[in-house]
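Please read the structure below before turning to the comments.
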Amino acid sequence: MDYQEIKEKLETLKLKLINNMQNPTLSIEEKENIQNSIVNYEYIIELTDMNHFARG
């Protein structure tokens, strides 16, 4: 996989989690877990960018 494929895949996974947050039946704990996962994906995306552009 190249950089663009990886970044698109990570962004897609992040968007799925964001969409899952809209579910009104989620408990507070489930929402917190999803929010933490979103933050983790954002961090992974940032690291992917840094690695690709040799800034890491």
- Message: Could you check the range 1-34 and list, in sequence order, the residues that are farther than 25 Å from residue 51 by Cβ and either in contact (Cβ under 8 Å) with a residue 12 or more places away in the chain or of a type in the set (S, T, N, Q) (or both)?
- Response: 19, 20, 21, 22, 23, 25, 27, 33, 34
- Note on the structure: Flagged in the range 27-53 as part of a helix (DSSP H, G or I), more than 8 Å from the chain's Cα centre (by Cα) and of a type in the set (S, T, N, Q), in numbering order, are 33, 35, 36, 48, 51
- Query: If we keep just the residues of the range 1-26 that are β-branched (Val, Ile, Thr) and surrounded by 12 or more Cβ atoms within 10 Å (Cβ to Cβ), which is farthest from the chain's Cα centre (by Cα)?
  - Reply: 6
- Select from the range 27-55 the residues that are surrounded by fewer than 14 Cβ atoms within 10 Å (Cβ to Cβ) and in contact with a Phe, Trp or Tyr (Cβ under 7 Å, 6 or more places away or on another chain) and list them in ascending order. none
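The numbers here are math on the coordinates, done by the rules we state, and not lab data. Given the structure is predicted, the values throughout are model-derived calculations rather than measurements. Quick reminder, even Gly has a Cβ in these numbers, built from the backbone with ideal geometry, and neighbours come from all protein chains shown.
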